[in-house]
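Written out below as structure tokens is the structure these notes cover.
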Amino acid sequence: GPEKVFPTILTMADPCSFASPDCCRTRHLYLRCRADFGAQALRGTAAFTARAEREALRCLVLDSRDVQVFKVTVNGQDAKFVFGEKHSYKGTPLEITFPFELRRGQEAVIEISFESSPKSSALQWFTPEQTSGKKHPFLFSQCQSRTASPFPISVPKELVALMSANRDGEMPDPEDSSRKIYHFSQNVPIPCYLIALVVGALESRKIGPRTLVWAEKELVDKSAYEFAEAEDMLKTAEDLVGPYVWGQYDLLVLPPSFPYGGMENPCLTFVTPTLLAGDRSLSSVIAHEISHSWTGNLVTNKTWEHFWLNEGHTVYLERRIGGRLFGEQFRHFHALGGWRELQNTINTYGDKNPITNLVPDLSDVDPDVAYSSVPYEKGFALLFYLEQLLGGQDIFIGFLKAYVQQFAYKSIVTEDWKKFLYSYFKDKVDILDKVDWNSWFHAPGMPPVKPTYDMTLANACVALSQRWITKVKETNTNILSHVKRMQEVYDFNAIHNSEIRFRWLRLCIKSRWEEAIPLALKMATDQGRMKFTRPLFRDLYNFDKCRDLAVKTFLEHRASMHPVTSMLVGKDLKQDQ
């Protein structure tokens, strides 16, 4: 798994969901399941406690997607259930009718027997050929469910299962000697999108007192080196915003088709192998996922329209960690890079596009389609601006720490955040009232104010780029000859740092250098991180010489891509309307 005041009595509805949490609260999820690689299906039962939040509750609506349900019981009694109409991106509502009425405050245990379909977008199944080791299959989830308790997971015995939870040991499967059962528990309440499962031929290395790195054996030592700073980052975050409540902090390196840089699953951060640069230079993604242990996982956005509460605060914390470990100029350099990234995003979407609002209206928008750097970088820019307005970083971190304490284990909206900001800085209300809140939250395009940035590190980069720009103007030659000269001087083609390679190949394609076409296609398909794959495919599609080849290559690789990546690249390349 991204304020308007709706004129409803009970609650602000979530436009991305069919469920109605105002009628019923769910907790204590007990999940038992078995991963069947032959059928590419996850089978099992999910039991949870539901508490009626209003009188005479007779039914419950849940979200579902690409799943079969065989049986539903309420307190052990069979219950009727029916699927509603399938929606293009919200999935299908599952309506359960109770065999008896629930009074307000009364609890019932609901148990659902289910099987996922092979095309379920929450799961990605890999054939052995799609893994590093080429011998065993692999499964990971971007999963959906509410607070979680114990989980037994049955898998083929040569594989390892991991979850966003504590590892409670393993045992042979009493029903099948070729399998074993892994046990997990999560005692901290979590929102549904943080329940994650992975099954694969995984090994681990200990890199800190509370951290193991998990990966296929081909990558595990490289990963242990790359992420060695995790404990320093955890300690710094604890110093900034309070104790780490989750116990273990493990890292898991996924196969290359993982669509994101990282995913902050509690106790077990998922990361892309594109972070393995060999020199720890991309570790800010680790700082980001660590920061989510407070902002996102402890204090959570109530709906995806308020996604900036998760991401803006997390980017702010990530950069505060970077500032502590590598210096204040480093923090400002990354902050300025974020502002430029926001400019690029707004240029792509258009500065009147309502999707670029910090708090967008997602009434008829798939949150996967709306996903961009806006909640991250416009959110960060607001917090960085407020830090400077309210008296500097030491004062502002006091607010952030108090905010996390105030709303821990809760889901909130932007209005809750703003009310708390005003109550925390009650002596500075005159300053806060000067902020153009309406533009920050509800206007598209760039923010109404740009924060101040220390330019020391950026100036060195700008000076070097100006030397190249001046040369282009002086010699009056086309840009391509200079890009070719850059290759001679710097040999960028030999660099495998994903962030540098990505920018270099985009420059080559935009300069219409045909020799770069196969290199760009290779990078777009060798890995599936959307940050890289989508812009590379878009640039290739916009280069007339290789549009047809870009489409052909996408169609050939589509089946092995993550479902979300495949859907979005399909839209970018006009294959799906």
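Just one residue in the set A463, A408 is among the hydrophobic types (A, V, I, L, M, F, W, C) and more than 31 Å from the chain's Cα centre (by Cα); that residue is A463. Restricting L362, L358, L383 to residues that are part of a helix (DSSP H, G or I) and either open to solvent by less than 20 Å² (accessible area, probe 1.4 Å) or closer than 27 Å to F333 by Cβ (or both) narrows the list to L383. Of all residues in region 304-332, exactly one satisfies the criterion of being polar (S, T, N, Q) and either in contact with a Lys or Arg (Cβ under 7 Å, 6 or more places away or on another chain) or open to solvent by 10 Å² or more (accessible area, probe 1.4 Å) (or both), namely Q329. In a residue-by-residue description of region 395-412, the property of being farther than 27 Å from M233 by Cβ and among the hydrophobic types (A, V, I, L, M, F, W, C) applies to no position.
The condition of being of a type in the set (D, E), under 30 Å from P128 (Cβ atoms) and open to solvent by 30 Å² or more (accessible area, probe 1.4 Å) holds for D36.
Conditions (1) within 19 Å of A443 (Cα to Cα); (2) among the hydrophobic types (A, V, I, L, M, F, W, C), marked per residue:
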position	(1), (2)
E311	yes, no
E318	no, no
I321	no, yes
T345	yes, no
Y371	yes, no
V374	yes, yes
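Here region 337-355 is the region considered, the condition is being small (G, A, S) and either out of contact with any Gly (no Cβ under 9 Å at 6 or more places or on another chain) or under 21 Å from C16 (Cβ atoms) (or both), and the residue that is most open to solvent (accessible area, probe 1.4 Å) is G337. The residues of region 490-531 that are in contact with a helix residue (DSSP H, G or I) (Cβ under 8 Å, 6 or more places away or on another chain) and not in a helix (DSSP H, G or I), listed by number, are I495, S511, R512, W513, Q527, G528, R529. Tell me the residue from R558, R534 that is under 16 Å from D368 (Cβ atoms) and part of a helix (DSSP H, G or I), please. Testing whether each residue is under 16 Å from D368 (Cβ atoms) and part of a helix (DSSP H, G or I) leaves just R534.
For region 482-540, a residue qualifies if it is under 23 Å from E556 (Cβ atoms) and of a type in the set (S, T, N, Q), and the qualifying residues are S498, T525, Q527, T533. Out of A520, A524, one residue alone is crowded, with 18+ Cβ neighbours inside 10 Å and in contact with a Ser or Thr (Cβ under 9 Å, 6 or more places away or on another chain). It is A524.
Within region 527-560, restricting attention to residues that are of a type in the set (G, A, S) and buried (at least 21 other Cβ atoms within 10 Å of the Cβ), the residue that is farthest from V285 (Cα to Cα) is A550.
Would you confirm, using the coordinates I've provided, whether G169 is out of contact with any Pro (no Cβ under 6 Å at 6 or more places or on another chain), in a loop (DSSP other than H, G, I, E, B) and either buried (at least 23 other Cβ atoms within 10 Å of the Cβ) or not polar (S, T, N, Q) (or both)? No, not satisfied.
So that you can scan it fast, the table gives a plain yes or no per residue for (1) β-branched (V, I, T); (2) open to solvent by less than 10 Å² (accessible area, probe 1.4 Å); (3) closer than 25 Å to V569 by Cβ; (4) in contact with an Asp or Glu (Cβ under 6 Å, 6 or more places away or on another chain):
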{"position": "S223", "(1), (2), (3), (4)": "no, yes, no, no"}
{"position": "A228", "(1), (2), (3), (4)": "no, no, no, no"}
{"position": "K235", "(1), (2), (3), (4)": "no, no, no, no"}
{"position": "P266", "(1), (2), (3), (4)": "no, yes, no, no"}
{"position": "A277", "(1), (2), (3), (4)": "no, no, yes, no"}
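Meeting the requirement of 1 or more residues that are among the β-branched types (V, I, T) and within 27 Å of Q393 (Cα to Cα), the strands (runs of 3 or more DSSP E) wholly within region 204-321 are 299-301. Within region 73-93, at least one residue is of a type in the set (D, E), open to solvent by 50 Å² or more (accessible area, probe 1.4 Å) and over 26 Å from C16 (Cα atoms). Taken together, the residues in region 50-82 that are of a type in the set (D, E) and not in a strand (DSSP E or B) amount to 3. With respect to K135, is the statement that it is of a type outside the set (S, T, N, Q) and outside any strand (DSSP E or B) true? Yes: the conditions hold for K135. From E101, E158, E115, which residue is in a strand (DSSP E or B) and either open to solvent by 60 Å² or more (accessible area, probe 1.4 Å) or at pLDDT below 95 (or both)? None of the others qualify; the one that does is E101.
The values are calculated or read from the model by the stated rules, or taken from the named source; none is laboratory data. Predicted model, so just to flag it, every value in this text is computed and none were measured. Methodologically, a virtual Cβ is constructed for each residue, glycine included, from the backbone with ideal geometry; neighbour enumeration extends over all protein chains shown. When the accessible area is computed, the model is the full protein with side chains, heavy atoms only, and any ligands, DNA or RNA have been set aside. Shrake-Rupley method; radii C 1.70, N 1.55, O 1.52, S 1.80 Å.
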